[in-house]
Every structure is written in C-alpha cells, then in structure tokens.
Amino acid sequence: MTMCFTHKQSQWTLLFFFAALTSIFAQENLTGYWQPSMAINYKVTETYTHNFSLQNRNYTFDDEALGLSIRHLDFVHFSNLQVRDDQSMAFGILYRIRETFDGGANEVRLIQQYNFQVKPNVIRFGHRLRTEQRITKAITTHRFRYRFSLDFPLQGEQLDVGEPYIVGNFENLLSVAKETSPQYDTRLTLNLGWKLSDTTKFQIGTEYRIEDYAQNLQHVLFLLSTFNISL
C-alpha cells in the first residue's frame, strides 16, 4: 500500500486544523499555554533505553487576558524496556517546580506505562496504558490513562532525513484522590514534525484538553514545540 500526501492535501489539512482552533477559542473557561520541551534518548542496549526531558509551561491566555508568564518547570526521566518487537514497558519519575513561579504546589510524579505498536502499512498505530501517582504535600492523586496514537510520513512510505511527518493522539484520563470526586479528562493532540537528521527531530503542534467535564468543565489549549535527540 502506498500513501503519498500532495501539497494541496496538506493545505486542506491545515485549513481544517485552524478552523478547529477558531472554534476552540470561542469556548468559555479557556486557558492557553505555550509548552516547549527538549528530550534526549540514550540507548544502553538494543532493548533498554533512557529518556531525559526538560519542559516548561507558560501562560499565554488566562481569564480572557493575553500574556506570557511561567507556570512550572518539569524534569523527567524514563527507563524503557523493549519486551517484544512491538511492545515495551517503562518506568518514569517527574519533578515539577511550580511554587517558585505561580505559587502552586511542587510535585513528584511516579509513572508506569505499557506500549503496544503495530504498523500494518505506512501508518503506525500505538496504544499506551499509563498509571501515575501525583504526590504533593497536601494530597496524592492516582491517574489512569489510555492513549491511542498514529503517525505517518507525509512523503512516501518511510520517513527520510529532511521529510515531514504527522503525529496524532487521543487520550482519556481518570484522576482519583481521597475525599475528592473523580475527574475525567480528554485530550486531542496533533503535531507536525520534521526529521532533521538521523538523530534529531523537531515537532510543532497543538493539544486541546477538556478537563473535569463531569463536574467543572474547563477548556485548555496548548501550543507545543519539541526538539528530540537520539544518541
């Protein structure tokens, strides 16, 4: 099976994407962020890798006002074990510094996840199950997450250096904590990336979150930029 996207098709995709963004900005209870990040992947063996990343989240639109201020800074580490060609397990830890910037609580997050991927043709499909324990001084919140993803090159059947690609995600989350009501969230993400070299990739995109939609509905929009290095 051959899949090749033309320039015209890419234009229609972008038009649809920006139309969706326009409808999102019309929502009430909207908060906007810019979230740049950088990640380094280090292969220890053929089946075991480390991932280190740094990201910060910045307010860009809050309470109907535009501006730019830091919300928090994250330091993240993952250990990934490939258990089969199409399956992997990972354990991670995140440390979030927030109190310094906007007075919120600092956080330690423990992460456990399982990944399954399949590539029947040019499109790769992925399923991720993740559990998390978000630990602050005041409370520990347990989160249960499922993410469906797909990615594919925009030229030809495989991704070569200098070529663009698309990554899309759909994720549902359940958050539970003692003496609080469960929180349900949904996230939709779309990224456009480029393979800059055999070891580097760059992505830009957006993520739309519908948070706590069973009780106190909030709309959150992210502008994302990511630089990945593989060693």
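The values are calculated or read from the model by the stated rules, or taken from the named source; none is laboratory data. Keep in mind the model is a prediction, meaning the values are calculated, not measured. For neighbour counting, all protein chains shown are included, and Cβ atoms are generated from backbone atoms with ideal geometry for every residue, glycine included. Heavy atoms of the whole protein, side chains included, go into the accessibility calculation; ligands, DNA and RNA do not. Shrake-Rupley method; radii C 1.70, N 1.55, O 1.52, S 1.80 Å.
When the square roots of the Cα gyration tensor eigenvalues are ordered a ≥ b ≥ c, the ratio a/c for the chain is 1.5 or more and a/b does not exceed b/c, which makes its shape oblate. Straight-line cross-link reach from residue 137 at under 18 Å between alpha-carbon atoms covers these aspartates and glutamates, not counting any fewer than eight positions away in the same chain: 74, 99, 102, 107, 179. Of all segments of the chain bounded by trypsin sites (Lys or Arg not before Pro) found in a DSSP loop with no more than 16 other C-beta atoms within 10 Å, the longest spans 1-136.
Annotation: residue 151 carries an accessible surface of approximately 40 Å², with a 1.4 Å probe and no ligand, DNA or RNA atoms counted. Taking GluC sites (Glu not before Pro) that fall in a DSSP loop and have at most 13 other Cβ atoms within 10 Å as cut points, what is the longest piece of the chain between them? Between the exposed loop sites, the longest stretch runs 65-156. Of all aspartates and glutamates in the structure, those lying under 15 Å Cα to Cα from residue 201, and not within fewer than 8 positions of it along the same chain, are 151, 160, 163.
Rolling a 1.4 Å probe over the heavy atoms of the protein chains gives the range 120-210 an accessible area of 52 Å² per residue.
For the range 2-230, the relative contact order is 16 percent, taking Cα pairs closer than 8 Å that sit 6 or more residues apart in sequence and dividing their mean separation by the residue count.
Taking 37 °C and 0.692 mPa s as conditions, the range 45-181 diffuses translationally at an estimated 186 µm²/s according to Stokes-Einstein applied to its Kirkwood radius (Cα pairs). Our helix-only sum for the chain, with -39,500 (n - 2.57) per DSSP H run of n ≥ 4 divided by its residues, gives a mean residue ellipticity at 222 nm of -3000 deg cm²/dmol. The HN-Hα couplings worked out from phi for the range 68-79 by the Karplus form 6.51 cos²θ - 1.76 cosθ + 1.60 (θ = phi - 60°) are 9, 8, 6, 9, 7, 10, 10, 10, 9, 9, 10, 10 Hz, whole numbers, x standing for Gly and Pro. Length available on full extension from residue 99 to residue 155: 0.36 nm per residue minus the Cα-Cα distance, which gives 15.7 nm.
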